[in-house]
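Peer 1: This is the structure I want to talk about, given as structure tokens.
The values are calculated or read from the model by the stated rules, or taken from the named source; none is laboratory data. No experiment lies behind these values; they were computed from the predicted model shown. Using ideal geometry, Cβ is built from the backbone for each residue, glycine included, and neighbour counts are taken over all protein chains shown.
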Amino acid sequence: MTAPTGARLYRLALTYTLTGDGLLVAERLPADKVPARGEGALYRRLAGLADADDAALVAAASRYGPLGPTGPIRVSNQAAYLWVADTAVRGNVRNLGLLRKWLAHGATTPIPGTVAPVAHAVAIIAEADADWTMGRLAQFITETATPTELERATFPGRIERLEQRLYAGLSRRAALITRDHARGDAAVTVHVQPAARPRLATAAAHWRTVLDKASELGGLSELVPPGTLGRLATEFRPYLSEGDLPLYPAESVAEWRKACRELGDWTEELARADPAAPDRRATLRASLLLRLRTVDAWPYPADELLGAFPRALWSLWEPVTGQRPQRRCAWPDCTRLLPVDAHGNRRHCDQHRRQSARDRAARNRRTLAG
Ligand SMILES: [Zn+2]
């Protein structure tokens, strides 16, 4: 199946190796997002691995990217960067004379362990933001600068690369953050790459600006739209190893095997649900929809990153329903689904199609008048 423009799913391109205790460790991070092509029969291919050996599962993980969530994403295991950037940290940043002193001394003075997570977070930003992406973001959201046309076109990509570098930095420091924080009031030293030291103070300021803006809008958890946490976790997960942070465990061959077995069950159910038995089909469709919801992959997350397991579930949609997945209207905050037979290039529901036509006409009139 070749997906039309605007209906594509993405995966992370990475290579896994296996540890002695069956965990999958991602190599060569940060990972790129690439279109997940040629996956019309992904459910069957993964189902075929239900009894495969470890090596075959590692190869599959490297071919298809992270499995992604296989169960519900709960608030207790939100992606770790939300944790790092949480209210407690934001509250800390305001009052941390200690942190200011630490920054003023170029990150060379010891600080209490309880303050260390914030210092690590600032260090991660300073190390990741070599090209001033966070700085520009802070300027844009406080409206002290307007993006150029070029920046408008390239900024999402820059933010994405910054995010990847932040994840990688967090992964490098995750164990340290946990260890330092556990020291409580005892003094710890947070090391920062020499090249990033001059950026620490501005990184802290930019970060605070971004978080303050986020809290105005109702907090970072509000900024993560419902139904996207699973995708966030998929993206973030390769950067964590078991025990780093008590938020999201590392991927394992056992989890892959379990997921492949479940897809085997789906494949069998599908074979049993004869097209001549519409009731059975309807039941299967309802179960599939429910399953997609539990892994945070409903409605069809067009043009987004998705784990191999939810992508495999989506590859079942057409065989089960005889229809293409319905996409969500691309208008911000609109939750309507596009019609089943919508053209691949169509992006908006009826109402927002009219709205965007009106907006375009108004723009054209202004251009002509000006
Ligand atoms: Zn709409």
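Each row is one residue, and each column tells you yes or no for (1) under 28 Å from Leu284 (Cα atoms); (2) touching a helix residue (DSSP H, G or I) at 6+ places or on another chain (Cβ under 8 Å).
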| residue | (1), (2) |
| --- | --- |
| Phe309 | yes, yes |
| Leu313 | yes, yes |
| Glu318 | yes, no |
| Gln323 | yes, yes |
| Leu337 | yes, no |
| Asp350 | no, no |
| Ala357 | no, no |
| Ala369 | no, no |
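Peer 1: Could you tell me how many of the residues in the range 120-141 are in contact with a helix residue (DSSP H, G or I) (Cβ under 6 Å, 6 or more places away or on another chain) and either at positive phi or β-branched (Val, Ile, Thr) (or both)?
Peer 2: Here the count works out to 5.
Peer 1: Sticking with this one: With the structure loaded, tell me whether Ala312 is outside the structural domain of Glu235 (by TED's automatic domain parsing), surrounded by 11 or more Cβ atoms within 10 Å (Cβ to Cβ) and within 18 Å of Arg231 (Cβ to Cβ) or whether it fails that test.
Peer 2: Yes: the conditions hold for Ala312.
Peer 1: Go through Arg173, Arg208 for me and flag whichever is basic (Lys, Arg), within 11 Å of Ile124 (Cβ to Cβ) and in contact (Cβ under 8 Å) with a residue 24 or more places away in the chain.
Peer 2: Arg173
Peer 1: I'm checking my understanding of the structure. Among residues of the range 308-358 that are touching a Lys or Arg at 6+ places or on another chain (Cβ under 9 Å), more than 9 Å from the ligand (Cβ to nearest atom) and among the polar types (S, T, N, Q), which one is farthest from Thr70 (Cα to Cα)?
Peer 2: For the range 308-358, the residue satisfying everything is Ser356.
Peer 1: Under 6 Å between Cβ atoms, which residue pairs at least 6 apart in sequence (or on different chains) link something in the range 338-358 that is within 15 Å of Tyr300 (Cα to Cα) with a partner that is within 14 Å of the ligand (Cβ to nearest atom) and assigned to a helix (DSSP H, G or I)?
Peer 2: Filtered contacts from the range 338-358: His348/Ser356.
Peer 1: So which helices (runs of 4 or more DSSP H) are wholly in the range 290-370 and hold at least 2 residues that are over 21 Å from the mean Cα position of the chain (by Cα) and over 19 Å from Leu42 (Cα atoms)?
Peer 2: 350-369
Peer 1: Looking at (1) over 18 Å from Glu251 (Cβ atoms); (2) surrounded by fewer than 20 Cβ atoms within 10 Å (Cβ to Cβ), which is the one condition that is false for Ala56?
Peer 2: The one condition Ala56 does not meet is (1).
Peer 1: Taking Ala36, is it among the small types (Gly, Ala, Ser) and free of Cβ contacts under 8 Å to residues at least 24 places away in the same chain?
Peer 2: Against the criterion (among the small types (Gly, Ala, Ser) and free of Cβ contacts under 8 Å to residues at least 24 places away in the same chain), Ala36 does not qualify.
Peer 1: Here is a follow-up. Consider Thr189 carefully, then state whether it is in contact with a Pro (Cβ under 9 Å, 6 or more places away or on another chain) and at pLDDT 70 or above.
Peer 2: Here the answer is yes, as Thr189 does meet what is asked.
Peer 1: For Arg45, are the conditions met, namely being basic (Lys, Arg), under 30 Å from Ala128 (Cα atoms) and outside the structural domain of His348 (by TED's automatic domain parsing)?
Peer 2: So Arg45 does not fit the description; no.
Peer 1: So Ala361 ticks every box in (1) within 16 Å of the ligand (Cβ to nearest atom); (2) more than 28 Å from Arg280 (Cβ to Cβ); (3) without any contact (Cβ under 8 Å) to a residue 60 or more places away in the chain but one. Which box is left unticked?
Peer 2: (1)
Peer 1: Residues in the range 323-337 that are charged (D, E, K, R) and either surrounded by 17 or more Cβ atoms within 10 Å (Cβ to Cβ) or in contact (Cβ under 8 Å) with a residue 60 or more places away in the chain (or both): how many?
Peer 2: 3
Peer 1: Any residue in the range 354-364 that is farther than 27 Å from Trp317 by Cα and hydroxyl-bearing (Ser, Thr, Tyr)?
Peer 2: The answer is yes; a qualifying residue exists.
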